[in-house]
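The values are calculated or read from the model by the stated rules, or taken from the named source; none is laboratory data. Note that the coordinates shown come from a computational prediction; the quantities given were computed from them, not determined experimentally. So basically every Cβ, Gly included, is an ideal-geometry build from the backbone, and we count neighbours across all protein chains shown.
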Amino acid sequence: MALINFRQQSFRKKLILALFIAALLAFAAASAAFMLFEHLSLESRARQVMEPYAQLVSVGAEAAVAFEDSGRSQEILDTLRANPQILEAQINLRDGRMLARYSIRSNTALPQPLPTANGIYLDRNTAVLVQSMQDNAYLYLAMNLDELNRQTRNTLRVFAIGVVVLLATVALGLLAALQKSIVGPISTLAETVEQVHSHADYSQRVLTSGTDEVARLGQSFNAMMDTIQEHEDDLRRLMLFQRTILDNVAYGIISTAPDGTVTSFNRAAERLLGYTADEVIGKQTPALWHDTEEVAQYALHLSEELGETIAPGFAVFSARPRRNLPEEKEWSFIRKDGARVPVLLSVTALRTESGLITGFVGLTYDLTERKQAEDELRRHKDQLEETVQQRTADLLLARDAAEAANKAKSLFLAHMSHELRTPLNGILGYAQILQRDELVGERKAAALNVIRQSGEYLQALIDDILDLSRIETGKLDFVLSNISLAKFLRGVTDIVGLRARQKGLEFSCEPAPDLPVGIRCDERRLRQVLLNLLTNAVKFTDSGQVVLRVGRVGASRFFFAVEDTGIGIDRNELELIFQPFEQVGDLQRRLGGTGLGLAISRQLVRYLGGDIVVESRAGKGSIFRFEVEAASSSTPVLLNPVQVITGYYGPRRKVLIVDDVASNRAVLIDLLTPLGFDIVEAFNGIEALELAQSTRPDLILMDIVMPKMDGEEATHLLRQLPALAQVPIIALSASALTADETKCLEAGANAFLPKPVDQDELLAQMAALMQLEWITMPRTELTPNQGKLAEMLILPPAAEMQELYRLALTGNMRDILQYAERIAGIDPSYQAFAMHLRQLANGYQSKAILAFAEAHLP
Ligand code: ADP
């Protein structure tokens, strides 16, 4: 008990007590030592007092003893009376008889029997000295020790006081020193620690000086406090951060102990559930806000899922997190006011680093708004679906109407095109046939040329109208074919040259020398663009020239440039002219144009992989240039145009011509009969089937659009007949629908040719399909072999040839024709020369004339 009390005492009191005890012990030790010393020194001090008296008596009584004179001895002994300390003195003789005795008191102080050995014998208050004398006598002296004892006590008292004073001084000094160097700092440290502990004030520090252990203890304390304060600051910041999050987050955050007791409840949770944190902290969840029914159901579900019984309590929320499984579920919470709130609750286990679960955190989110929004959305969606269905129905109706209209338009265009092409087929067909006839007179030949070129121009116009409608509906399609560049350019320049010359303009085509024989491109589109640019150039040029340049810009890229010296275009209007229906310049010239040509052309060129660029200066002229992407091809598909076909080698072949239009049949009959073919005619598909079976033709030319049974169906049925399955069929169609080509080929046709039929192409196809070899003759009037021609001609005199050269340079065909007439009149031998010139002039072959004149200059 005393020990416990002692332990509970302050360090200072302990120190005082320790010092007190130490002083006490020191004092006791000193006193004991002193007493011992006094005790040990008593004998010698008694001896010091008694020995002189004993000496005096022994010397004085020497004779008396010898003579056993007791009187004398008594006298001598009585002298001792001078010292009251001597209590008794006795001299005994050798035989033990007492010789003399002196005593100041009645009772004896001498020990009995008397000792016979020299020495001092100490009693409590007396000391007895035994000293032998001569003749074996003994002197006994007894001395009172009271005086000596009193002296001893006095000395002891003085000593004790001195020791006590000394010890007290030393103890107090020690206490002060210890107080200053140890107790003071330690109790300050202890107070500071208490301060820190009670006020959680980590800013407290202690003053330290020196380098001893206490100072080091203080320094260590300060350093420890620095660290603690840093940690404390960090912790405070973290807690502030955490608090801010917890208070402001939209999620309700509820944390619990492992047994489900609520340990924290943030503001959002308060708002969500209507309880304050104080009301729920320390309580057990889910008792407070969960629907027991719901909890029980989920418990059953979990028990089944996890394969072990989950009690319908807090375990329902912790079962999955305890197994490291996610726990997220929609619940219906019951607020404090009894209202129900749909929430999403996800629960996570809080674990220490070693995996021990220290609690759970539940995150809840109010789903009320989301549910409302979902309902709203669902309603909107339903509404929308309804509207969409309604609109879709409307749109379907509209689409059907539009499709019907579109179909009607396409059908109308196809029909119109067919209607226009059919007569054109007749016109162009006979123009071509008649042109083959060498007996036709030169005037008529020229007229036929004009008919043919105008027909072709008309055909191009029909194509343009169709294209415009296709571009508008986005249904433009392209057909790539191998184009013989020379023939293609001649076709284009023939048409434009005619118009240019009619206006008195010079026209030339300047192909680059490195052009390939053929290119692979959409011939019709390319021609269409070139014709548009060239006719514009002629139209907007009053004097000077129009030049078409063709060249190469890459392995499979070519340029075409149309240059004129016409009225030009104002800088501001350069882009405008490509807009549909835009025409610029004076009104007079706008007549006869629609303002669509350039818009279509640009579109087409873009499809061909390029673009049209224009450079122009008002009053000076314009250059329209474009490039196209086109692979070069070296094999010309078409027949050599300078050769005229007159027949074919081998047995006679039979051709079945199927067409409901008599003129179309007539054109083909007139083309093929002179070449040695037997012809069978059919007016529709049904007839074609019958005739094909009965006559077994070597080839069938099948029109597509026919009454009763069309060409596509007839082709299809013909292919079903084993005997006719292999007969070559060439489909011919005036229809504008390119889909027809695919349909026909699918039905079984071997080739497809559009109407009006290009006769050279038709013959080429026939030769390929029947493996025919043509018998040809050079076209004499157009033979390029100038040397051979010159042999046949008789040339007029040199002066006339100079004149011809001059006229050829001006390029005026009317002048050339007049010149030819004049020369023919000079001499009949010049007839052939004149006829050749007339043919060239009528064909507007200005270059050929110039070349001819140049070659025969003297
Ligand atoms: P149009 O049918 O009127 O010729 P285009 O689209 O072909 O329609 O041309 C549009 C306009 O561009 C023309 O009306 C004319 O004003 C201008 N234009 C076209 N080519 C030339 C040219 N070579 N020189 C001057 N103006 C031209």
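Given the criterion in contact (Cβ under 8 Å) with a residue 60 or more places away in the chain, over 60 Å from the mean Cα position of the chain (by Cα), within 23 Å of Ile16 (Cα to Cα) and crowded, with 16+ Cβ neighbours inside 10 Å, identify the matching residue among Leu178, Leu189. Write out each step before concluding.
Working: Leu189 fails: in contact (Cβ under 8 Å) with a residue 60 or more places away in the chain.
Going through Leu178, Leu189 in turn, the sole match is Leu178.
Looking for whichever is within 25 Å of Asn136 (Cα to Cα) and in contact (Cβ under 8 Å) with a residue 12 or more places away in the chain here; the options are Gln55, Gln112, Gln74. Which one fits?
Working: Gln55 fails: in contact (Cβ under 8 Å) with a residue 12 or more places away in the chain; Gln112 fails: in contact (Cβ under 8 Å) with a residue 12 or more places away in the chain.
None of the other options fit; the residue is Gln74.
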Quiz item: Asn572 fails exactly one of the following numbered conditions: (1) more than 16 Å from the ligand (Cβ to nearest atom); (2) out of contact with any helix residue (DSSP H, G or I) (no Cβ under 7 Å at 6 or more places or on another chain); (3) not acidic (Asp, Glu). What is the number of that condition?
Solution: (1)
Quiz item: When both residues are 6+ apart or on different chains and their Cβ atoms are under 6 Å apart, which pairs have a first residue that lies in the range 243-260 and is closer than 11 Å to Thr358 by Cα and surrounded by fewer than 12 Cβ atoms within 10 Å (Cβ to Cβ), and a second that is modelled with pLDDT of 85 or more and not basic (Lys, Arg)?
Solution: none
Exercise. Kindly establish whether Arg124 is of a type in the set (Lys, Arg), part of a loop (DSSP other than H, G, I, E, B) and surrounded by fewer than 13 Cβ atoms within 10 Å (Cβ to Cβ).
Key: yes
Quiz item: In the range 550-567, which residues are away from the ligand (no atom under 16 Å from the Cβ) and assigned to a loop (DSSP other than H, G, I, E, B)?
Solution: Ala555, Ser556
Practice problem: Looking at (1) part of a helix (DSSP H, G or I); (2) under 36 Å from the mean Cα position of the chain (by Cα); (3) farther than 16 Å from Ile254 by Cα, find the lone condition where Asn324 falls short. | Solution: (1)
Quiz prompt | Residues within the range 709-757 that are without any contact (Cβ under 8 Å) to a residue 40 or more places away in the chain, hydroxyl-bearing (Ser, Thr, Tyr) and more than 21 Å from Ile669 (Cα to Cα), tallied | solution = 1
Quiz item: How many residues are within 12 Å of the ligand (Cβ to nearest atom) and charged (D, E, K, R) when one looks only at the range 528-549?
Solution: 2
Quiz item: Restricting to the range 402-450, what's the tally of residues that are farther than 19 Å from Ala841 by Cβ and assigned to a loop (DSSP other than H, G, I, E, B)?
Solution: 2
Exercise. For residues that are under 60 Å from the mean Cα position of the chain (by Cα) and crowded, with 24+ Cβ neighbours inside 10 Å, tally how many sit in the range 684-709.
Key: 1
Exercise. Please work out which residue is surrounded by the fewest Cβ atoms within 10 Å (Cβ to Cβ), limiting yourself to the range 606-628 and to residues that are among the aliphatic types (A, V, I, L, M) and touching a Gly at 6+ places or on another chain (Cβ under 6 Å).
Key: Ala618
Practice problem: Please verify whether the range 14-37 includes one or more residues that are surrounded by 12 or more Cβ atoms within 10 Å (Cβ to Cβ) and closer than 18 Å to Ala127 by Cα. | Solution: yes
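Determine, yes or no, whether Val655 is within 9 Å of the ligand (Cβ to nearest atom), buried (at least 17 other Cβ atoms within 10 Å of the Cβ) and modelled with pLDDT of 80 or more.
No; evaluated as a whole, the condition is false for this residue.
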Exercise. Show the residue pairs that are 6+ apart or on different chains and have beta-carbon atoms under 7 Å apart, the first residue being within the range 138-151 and closer than 14 Å to Ile120 by Cβ, the second being of a type in the set (Asp, Glu).
Key: Ala142/Glu88
Practice problem: Would you mind telling me which numbered condition in (1) more than 36 Å from the chain's Cα centre (by Cα); (2) surrounded by 12 or more Cβ atoms within 10 Å (Cβ to Cβ) Asp278 fails? | Solution: (2)
Quiz item: Given the structure, is Leu515 more than 9 Å from the ligand (Cβ to nearest atom) and at pLDDT 90 or above?
Solution: no
Quiz item: Is the range 359-382 home to any residue that is in contact with a Lys or Arg (Cβ under 7 Å, 6 or more places away or on another chain), surrounded by 12 or more Cβ atoms within 10 Å (Cβ to Cβ) and at pLDDT 90 or above?
Solution: no
